[in-house]
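Have a look at the structure below, then the notes.
The values are calculated or read from the model by the stated rules, or taken from the named source; none is laboratory data. Keep in mind it's a predicted model, so treat the numbers as computed, not measured. Positions of Cβ are generated from backbone atoms using ideal geometry, with glycine treated the same way; all protein chains shown enter the neighbour counts. These accessible areas exclude ligands, DNA and RNA; they are computed on the full protein's heavy atoms, side chains included. Shrake-Rupley method; radii C 1.70, N 1.55, O 1.52, S 1.80 Å.
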Amino acid sequence: MGLDLVAGWRELGLAEGTAVIVHASLSSLGPVPGGARAVVASLVAAAGQAGTVAAPAFTPRIADPDPDHRGAPDTAIRARRDAVPLFDAGTPSEMGAVAEAVRQWPGAVRSRHPQASVAAIGAHAREVVAAQPLGFALGAGSPFSKLYDLDVSILLIGVGHDRNSFLHHAETLARHRRLKVRRFPRLVDGERIWCETLDVANDNGTLFPVVGREFERVHGVREAEVGRARCRLLAARPLVDFAVRRLDELLGRSH
C-alpha cells in the first residue's frame, strides 16, 4: 500500500524535492496497512530528501473555556481555566491522525503557537517553524508565510476547502477580514498568565468552500482517487493570490 500511495501522490503531481502541506481524513483512504504513519512515510518518500512535509498541528482546546466572561472570575471559572494545559512541543494535535503522525515523526519540528502550531519534516522544516506571531498566527511571519515563499503545494486527502488552512492565511492578507479574539495561557517569567490576541475568525464552512471551488474551476485543478479518497493537489501561491482578491470582494459587500 505504501508504494501505491507514493504512486498516487506522483499521479496528482507531487514532485520530488518540493514542499507539501497535508490536510487529511485517514478514514477516507480506506484500509491503509500501517495507518497514519504509512501515509506520512509515503509523503516523505514522495517529497524526497530535498523536500518538506508539513501539517497544521493545531490545539484549539488550549483556550479560555469561558471566553464571554468579563470581570473577576468566580471559583468555578477559575477552576476551569486552571485546568487548561499549557502548550508544549509534545502536546497532541487535534487535526486528525495524519497531522498527529507528522508531529510524531522522528526529526519533526513544530512551531510554538499555543493554538495554531505547524509541524514539519524535511529539508526546510526548521526554517518553516522558526517563527510564528501570537496574533494573526497564520499570517505574515508565520509558517504559512514561509511555506508560501517555498512555493508549497497543498494536498487535500478526502477533505474540502473548509479544512484548507491556507485560506485563513489568505484572509489575514485581505483588506476586509473577519476577526476573533484568541485567548490562551502562557508562562511569562515563571508566572501563568492569560494572553489575548486578535486573529481572523473561523469560517465555519461559509466562504472557504466557495472560494476553493471557484479557484479549482478557474485553474483547472483535477481530482484523483488515491486509495478510496478523493484528493487534490493545489499550488499555494496562486490559490492565496486568488483567495485574497475573492475574499475581499465577498467580505467587502458586508462593509
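Structure data summary
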| item | result |
| --- | --- |
| Largest-first ellipsoid semi-axes for segment 63-113, taking √(5λ) over the Cα gyration tensor eigenvalues, angstrom | 31, 10, 9 |
| Accessible area per residue, Å², segment 123-255 with all protein chains present, probe 1.4 Å | 49 Å² |
| For residue 226, residues with placed amide H under 5 Å, excluding near neighbours | 231 |
| Cα-centred dipole magnitude for segment 131-255, charges only on beta-carbon of K, R (+1) and D, E (-1), debye, nearest 20 | 240 debye |
| The chain: relative contact order in percent, alpha carbon pairs under 8 Å with at least 6 residues between | 22 percent |
| Where N is the number of residues in the chain, Cα Rg divided by 2.2 N^0.38 Å | 1.03 |
| Where N is the number of residues in segment 1-96, Cα Rg divided by 2.2 N^0.38 Å | 1.57 |
| DSSP beta bridges in the chain [antiparallel fraction, %, rounded to 5] | 75 percent |
| Carbon plus sulfur fraction of accessible area for segment 72-171, probe 1.4 Å, in percent | 52 percent |
| Counting DSSP beta bridges with both ends in segment 16-129, the antiparallel % (nearest 5) | 70 percent |
| q = 0.16, 0.21, 0.28, 0.31 Å⁻¹: log10 I(q)/I(0) that the Debye formula gives for segment 120-168, counting C-alpha atoms only | -0.48, -0.79, -1.12, -1.19 |
